[in-house]
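Notes to accompany the following structure.
The values are calculated or read from the model by the stated rules, or taken from the named source; none is laboratory data. All of these numbers come straight from a predicted model, not from anything done at the bench. All Cβ positions, even for glycine, are placed from backbone atoms using ideal geometry, and neighbour counts span all protein chains on display.
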Amino acid sequence: MKKVAIAIAIVALLGLVLSCSSYKAKLIEQAETGNVTPVTLEQATKIQSHEAVVTFVITNRGISVDSVVYIGDFYKGAEADATYLIRNESDFDITPVIYYARGTRVDDYSAAEGKGYEDAPSFVEGWVKVIPEPSVIPSKTAQGYVVSITMPDEDIEGLPQKFAFQVGVGVGNKVQLAACPWWLITMKMEK
């Protein structure tokens, strides 16, 4: 499987476009060594301002996120990643659940309306991976995770030119609190 540079823009509602950096490499190294270490909220603020991240804020009152992941020129064999930074600002230790949200409909997402996106086929769920496996995030710390989508290096029947899905973060035994940013993907046009 080849790793490629895909143009990924994680756009906050304020229109801020961030670029990729080395925090993702650190997370992958932590997963490989089994030494997953949360960062302080102060360190997380520095990561947020310098890296391509989707930031989830968990407080005693709930969970919030305000980003969308856009991937352009995706093609067979390509891999694209986004870093999910989970800030635990609550008074409790949490164990997040990061999951592919089944049954969502892009028609219900107003920002994608009229732009030609279709619901991702069900097989796309198998392309999405999370590194490292989510673990306990102590109160007043943060932990990042790499959410990756890898398309097989073969022709895929039934894959739309533009498709969308959600990968959410939840907290609680039955994912009682959750936030699910959209991933909007456009395939590279064949010449």
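For ILE28, the requirement of being part of a helix (DSSP H, G or I), surrounded by fewer than 16 Cβ atoms within 10 Å (Cβ to Cβ), β-branched (Val, Ile, Thr) and at pLDDT below 90 is met.
When you look at LYS2, is it charged (D, E, K, R), part of a helix (DSSP H, G or I), within 17 Å of THR150 (Cα to Cα) and at pLDDT below 90, yes or no? When the stated conditions are applied, LYS2 does not pass them.
Within the range 60-77, is even one residue closer than 20 Å to GLU29 by Cβ, surrounded by fewer than 19 Cβ atoms within 10 Å (Cβ to Cβ) and touching a residue at least 24 places away in the same chain (Cβ under 8 Å)?
Going through the range 60-77, the residues closer than 20 Å to GLU29 by Cβ turn out to be none.
No.
If the condition is being in a loop (DSSP other than H, G, I, E, B) and crowded, with 17+ Cβ neighbours inside 10 Å, then the range 81-100 contributes only SER90.
Considering (1) surrounded by fewer than 16 Cβ atoms within 10 Å (Cβ to Cβ); (2) touching a residue at least 24 places away in the same chain (Cβ under 8 Å), the lone condition that ALA142 does not fulfil carries the number (1).
Could you tell me whether any residue of the range 129-147 is more than 29 Å from GLU29 (Cα to Cα), touching a strand residue (DSSP E or B) at 6+ places or on another chain (Cβ under 9 Å) and at pLDDT 90 or above? Within the range 129-147, none of the residues are more than 29 Å from GLU29 (Cα to Cα), touching a strand residue (DSSP E or B) at 6+ places or on another chain (Cβ under 9 Å) and at pLDDT 90 or above.
Yes/no matrix, rows are residues, columns are (1) surrounded by 16 or more Cβ atoms within 10 Å (Cβ to Cβ); (2) over 24 Å from ASP93 (Cβ atoms); (3) of a type in the set (S, T, N, Q):
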| site | (1), (2), (3) |
| --- | --- |
| VAL130 | yes, no, no |
| GLU133 | no, no, no |
| GLY158 | no, yes, no |
| TRP183 | yes, yes, no |
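Among the residues making up the range 41-80, a single one is in a strand (DSSP E or B), at pLDDT below 90 and within 20 Å of PRO132 (Cα to Cα): VAL53.
Looking across the range 31-40, the residues that are without any contact (Cβ under 8 Å) to a residue 40 or more places away in the chain and part of a helix (DSSP H, G or I) come down to GLU32, THR33. Scanning the range 31-44 for residues that are β-branched (Val, Ile, Thr) and surrounded by 15 or more Cβ atoms within 10 Å (Cβ to Cβ) yields VAL36, VAL39. Evaluated against (1) over 18 Å from the mean Cα position of the chain (by Cα); (2) part of a loop (DSSP other than H, G, I, E, B), GLY103 falls short on exactly one condition, (1). Within the range 112-128, restricting attention to residues that are loosely packed, with under 13 Cβ neighbours inside 10 Å and outside any loop (DSSP other than H, G, I, E, B), the residue that is nearest to the chain's Cα centre (by Cα) is GLY126.
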